[in-house]
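*Asks:* Here it is: the structure, laid out below.
The values are calculated or read from the model by the stated rules, or taken from the named source; none is laboratory data. In this text the structure is predicted, and so the values were computed from the model without any measurement. Every residue, glycine as well, gets a Cβ built from its backbone with ideal geometry; the counts of neighbours run over all protein chains shown.
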Amino acid sequence: MTVISPAPSVSPSRELPAPAHRRSKRDWRGWQFAWPFAAAFVVVFITPLLYALWLSLFQNKLVGGNAFVGLENYATALTDVNFWAGFGRVLLVLVVQVPIMLVLAFVAALAIDSARLYASGVFRMVIFLPYAVPAVVAVLMWGFLYSNNFGLTANINDWLGGDVLTPFARGWMLASIGNIVTWEYIGYNMVIFYSALKTIPAELYEAAEIDGARGCQVIKAIKIPAARGAIVIATIFSIIGSFQLFNEPNVLKPLANNVITSSFTPNMYAYNLSFAGQQYNYSATIAIIMGVITAVIAYAVQLRGSRKEDM
């Protein structure tokens, strides 16, 4: 006898499988937290840059008023003797003063981190204290010390019987400004280096001690490589600060009027073009060029520093 099994029942309402990749709806909730910063960034940073760029493309002429000239202002700036003379001064400050300042700051950080310095807390505060002094006050203080008519320099020259110290002489002016900048920012860079040194694990020092490393060997093999990132950051900040040199020569100008001119630095040149010469368009051009040069050099230093870290 043959038994015929019933056919399997088929559900009339069988559901199709859901798509594997369903397109998710974009979530904008993160912008609720980011939009205040984004709005402030656009208003405070992006808008002034765009406005300066727009100004640099125009020129105020006697006939026709504010006329569009394209890149004519940039062509003029590239052949401007005053601009390049000022740029040469800040470049010299960068090449000479910045390495000296960073080396002194790193040595101070190493001295504090060594735990062999007596009263290291007081030493750290004394080194950092000049950075807490307002820049204008610091420059005025050093200006009084440098003056040939009064102050410490004048007293020393009177005691020696001649003009032995001449900080405001044309050949010594950049050195005098570099000394002020070093005094102001050595503490700031020292804090950056010291913070990096404090993050070094104690196990590295223990391993170095087991291997017999001492003194300079530990500094060369452990501390300098560990602080390389901080060194790169401090170098970038110092490069930017050197190209932005303005407060020191501008405040010292009344005391050394024959040496410090209105175009002593690019920032002073742009400032005087804008507020004294009413040449807003050309002033914006100088500012844009200096911004581009600063960004390119700072990026090159950062790129070189990151490559060394990867090695």
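*Asks:* Just give me the residues in segment 264-283 being of a type outside the set (S, T, N, Q) and touching a strand residue (DSSP E or B) at 6+ places or on another chain (Cβ under 9 Å), in sequence order.
*Replies:* Passing the criteria: 280, 282.
*Asks:* Among 169, 202, 221, 208, which is closer than 17 Å to residue 144 by Cα, among the aliphatic types (A, V, I, L, M) and modelled with pLDDT under 90?
*Replies:* Criteria check complete, one pass: 169.
*Asks:* Further question: Taking the residues in segment 202-229 that are touching a Leu at 6+ places or on another chain (Cβ under 8 Å) and not β-branched (Val, Ile, Thr) as candidates, determine which candidate is surrounded by the fewest Cβ atoms within 10 Å (Cβ to Cβ).
*Replies:* It comes out as 226.
*Asks:* When the residues of segment 279-304 are filtered to those that are of a type in the set (A, V, I, L, M, F, W, C) and under 12 Å from the mean Cα position of the chain (by Cα), which remaining residue is surrounded by the fewest Cβ atoms within 10 Å (Cβ to Cβ)?
*Replies:* Checking each candidate, the answer is 295.
Okay, residues lined up against (1) β-branched (Val, Ile, Thr); (2) closer than 21 Å to residue 270 by Cβ; (3) touching an Asp or Glu at 6+ places or on another chain (Cβ under 9 Å):
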| position | (1), (2), (3) |
| --- | --- |
| 32 | no, no, no |
| 40 | no, no, no |
| 47 | yes, yes, no |
| 51 | no, yes, no |
| 59 | no, yes, yes |
| 66 | no, yes, no |
| 73 | no, yes, no |
| 76 | yes, yes, no |
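*Asks:* Would a scan of segment 41-52 turn up a residue that is loosely packed, with under 11 Cβ neighbours inside 10 Å and either over 27 Å from the mean Cα position of the chain (by Cα) or within 30 Å of residue 198 (Cβ to Cβ) (or both)?
*Replies:* No: zero hits.
*Asks:* A further question follows. Taking segment 114-127 on its own, how many of its residues are part of a loop (DSSP other than H, G, I, E, B) and surrounded by fewer than 15 Cβ atoms within 10 Å (Cβ to Cβ)?
*Replies:* Of the residues in segment 114-127, 5 are part of a loop (DSSP other than H, G, I, E, B) and surrounded by fewer than 15 Cβ atoms within 10 Å (Cβ to Cβ).
*Asks:* Among the listed residues 80, 27, which satisfies the condition of being modelled with pLDDT under 80 and charged (D, E, K, R)?
*Replies:* Result: 27 is the single residue among 80, 27 that is modelled with pLDDT under 80 and charged (D, E, K, R).
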